[in-house]
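The values are calculated or read from the model by the stated rules, or taken from the named source; none is laboratory data. Values in this document were obtained by computation on a predicted structure and should not be read as measured data. We place every Cβ from the backbone using ideal geometry, glycine too, and count neighbours over all the protein chains shown. Heavy atoms of the whole protein, side chains included, go into the accessibility calculation; ligands, DNA and RNA do not. Shrake-Rupley method; radii C 1.70, N 1.55, O 1.52, S 1.80 Å.
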Protein chains: 2
Amino acid sequence: MTCDYLKLENQLCFPVYAASRLITREYQPFLKELGITYPQYLVLLVLWEEDGMLVNTIAQKLILNTNTITPLLKRLEQQGFVKRERSMTDERKVIVNLTTNGKQLKEKAHVIPEGIAERILGTGIGLERLMILKDNLHSIISHLSK
Amino acid sequence: MTCDYLKLENQLCFPVYAASRLITREYQPFLKELGITYPQYLVLLVLWEEDGMLVNTIAQKLILNTNTITPLLKRLEQQGFVKRERSMTDERKVIVNLTTNGKQLKEKAHVIPEGIAERILGTGIGLERLMILKDNLHSIISHLSK
DNA sequence: TTAGATAATATCGTTCGCGATACAAATATA
DNA sequence: TATATTTGTATCGCGAACGATATTATCTAA
């Protein structure tokens, strides 16, 4: 049996890449309502869990570099959702805090996971397979992010 | 049992998004050698399967819009891997053909899937789970891309 | 205490990804 | 055969991603 590995169909990379863009697309109508982008939503998810994080800590959680996070945080600051301030004890560090507006946004965001879950489960994949999918991705992530 | 759906950990979106970037990162050393980017590699994968495709057909295969593909093809043309020409019979259509250089690149690219497969399987996920993962992603893709 | 190393963040340049829109060619309709 | 609609591609603008590099601040070791 021959198998051409240089076919799109046979690659793992493409399904992950395409699924990522398609899933992100599902978030658009919800995020548009909140006035934020998908990566901005991820940053807020992190801050909603624990406020007052360092730029670096946020970057690590999202597996992004500061050269992506810094301008993103500036936009979130301009929109009035976070404020950034240098640490008193170590002036290299920048602490990111949610504003009142940023905290309030969490309440509006509660509809998002439900809406998306509904949409994804509507693909017929089933909750159990979805959990397995998530676990497999997590194991790939934990190994490749080292 | 309480479950906060607004936690990064509990979302499906993030693992897919992170895995996509991490897997793409694995391609970098290989692609750097060929002098192309990851999306450019995807376009070439498509053309290596079937040369002389229309811009739109390539876009559909990769689930991308022409406003992403067009500038990408221009760069591939500048680098001498493809050439674009208007169809004689329908001047709206642009046919994308591989150059000799573009065809030759396929031979150099054969090492990529093997190298990546090795790296991914090195995460300990196992070939079988990898196949299931791919299938699940494909079913999500086919439903969301409608 | 001071030069060198390290750490935390930021800047710059290039390429995507995509919504909105434009534009020309082809097709359909009146 | 004019006019409207559709089709295929391209343009524009903005916000990621990220490699390379810069800029401070802190730490470390001579």
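The solvent-accessible area of residue B:51, taken with every protein chain present and a 1.4 Å probe, is close to 60 Å². If you take the charge dipole of the protein assembly as shown about its Cα centre, with +1 on Lys and Arg Cβ and -1 on Asp and Glu Cβ, which of A:113, B:68, A:132 is farthest toward its positive end? Of A:113, B:68, A:132, it is B:68. Taking the label point 7 Å along Cα→Cβ, residue B:57 and its counterparts in the other copies are spaced 5.4 nm apart, in ascending order. For region A:59-122 versus region B:74-118, the inter-centroid distance based on Cα atoms is 40 Å. Three principal axis extents of the protein assembly as shown based on alpha-carbon atoms, in descending order, are 61, 39, 38 Å. Sparsely packed loop sites in region B:1-84 (the GluC sites (Glu not before Pro) outside DSSP H, G, I, E and B with at most 13 other Cβ atoms within 10 Å) comprise B:50. Apply 1/(1 + (r/R0)^6) to the Cβ-Cβ distance of residue B:138 and residue A:88, taking R0 = 45 Å, and write down the FRET efficiency to the nearest 0.05. For residue B:138 and residue A:88, the calculated efficiency is 0.30. Charge dipole of the protein assembly as shown (Cα centre as origin; +1 on each Lys and Arg Cβ, -1 on each Asp and Glu Cβ, all else neutral): 780 debye, rounded to the nearest 20. Residue and distance for the chain A Cβ closest to the axis that moves A onto B, in whole Å, come to A:20, 2.
Distance from the C-alpha centroid of region A:33-54 to that of region B:125-146: 28 Å, rounded to the whole angstrom. Put simply, the amide H of residue B:54, placed in the peptide plane, has neighbours under 5 Å in B:96, leaving out anything fewer than 5 places away on its chain. Distances between copies of residue A:33, taken at a point 7 Å out from Cα along the Cα→Cβ vector and listed shortest first: 4.9 nm. In region A:8-117, the C-alpha radius of gyration followed by the widest Cα-Cα span (Dmax) gives 15.6, 53 angstrom.
Distances between equivalent label points of residue B:121 across the copies, with each point positioned 7 Å along Cα→Cβ, amount to 3.7 nm, shortest listed first. The residues packed around residue B:84, meaning those with a beta-carbon under 12 Å from its beta-carbon, carry a net charge of +3 if Lys and Arg are +1 and Asp and Glu are -1.
The residues A:93, B:32, sorted by heavy-atom accessible surface at 1.4 Å with ligands and nucleic acids left out, run B:32, A:93 from largest to smallest. The mean number of Cβ atoms from other chains found within 10 Å of a Cβ in peptide B:57-63 is 2, as a whole number.
Model label sites at residue A:128 and residue B:75, defined 7 Å from Cα along the beta-carbon direction, differ in position by 4.4 nm.
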